[in-house]
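Visitor: One structure follows; several queries about it will come next.
The values are calculated or read from the model by the stated rules, or taken from the named source; none is laboratory data. Since the structure is predicted, the reported quantities are computational estimates derived from the model, not experimental observations. When we count neighbours, we look across all protein chains shown, and the Cβ atoms used for this are built from the backbone with ideal geometry, even at glycine. Just so you know, the surface numbers come from the protein's heavy atoms only, side chains and all, with ligands and any DNA or RNA stripped out. Shrake-Rupley method; radii C 1.70, N 1.55, O 1.52, S 1.80 Å.
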Amino acid sequence: MTQEAPAQVHLENGDSREIDSLWTAMAGKRKPTAIITSPPYGNLKDYGSPGQIGFGQSYSEYLDDMDAVFRGLAQVSSDKTTLWLIVDT
């Protein structure tokens, strides 16, 4: 019987608009098996970070940034990657 290598977990805190470069620096050429993210809630929450997505942006700017985030996630993903999107009303 063969034994599988233990799964590796990588947590990264950074600007999600730069996911492609963050992932490349962190994991090289490997593709994630799962991505778990919680998008900013527009103007509902101030994260206190300069240049943050959502708070203080127009709705159009928010949508543009979220589009960039999800395009970046698609770039680093494979056909077998699952996306867990945490949202709340």
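Visitor: Filter the range 46-65 down to residues that are of a type in the set (D, E, K, R) and modelled with pLDDT of 90 or more and give me whichever is farthest from Ala34 (Cα to Cα).
Guide: Glu61
Here is a yes/no grid of residues against (1) open to solvent by less than 70 Å² (accessible area, probe 1.4 Å); (2) modelled with pLDDT of 85 or more:
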position	(1), (2)
Arg17	no, no
Ala27	yes, no
Asp67	no, yes
Gly72	yes, yes
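Visitor: Okay, moving on. So, in the range 30-57, how many residues would count as being farther than 16 Å from Arg17 by Cβ and without any contact (Cβ under 8 Å) to a residue 12 or more places away in the chain?
Guide: Adding up the residues that qualify gives 5.
Visitor: Something else about it: Consider the range 14-67. How many of its residues are of a type in the set (Lys, Arg) and over 25 Å from Thr82 (Cβ atoms)?
Guide: Looking only at that region, the number is 1.
Visitor: Could you list, in sequence order, the residues of the range 75-89 that are open to solvent by 70 Å² or more (accessible area, probe 1.4 Å) and modelled with pLDDT of 90 or more? Please lay out each step first, then the result.
Guide: From the range 75-89, those open to solvent by 70 Å² or more (accessible area, probe 1.4 Å) are 75, 79-80, 83-89; that's our starting set.
Across the range 75-89, the qualifying residues are Asp79, Lys80, Leu83, Trp84.
Visitor: What is the one condition in (1) assigned to a loop (DSSP other than H, G, I, E, B); (2) open to solvent by 90 Å² or more (accessible area, probe 1.4 Å); (3) closer than 16 Å to Ser78 by Cα that Pro50 does not satisfy?
Guide: The number of the failed condition is (3).
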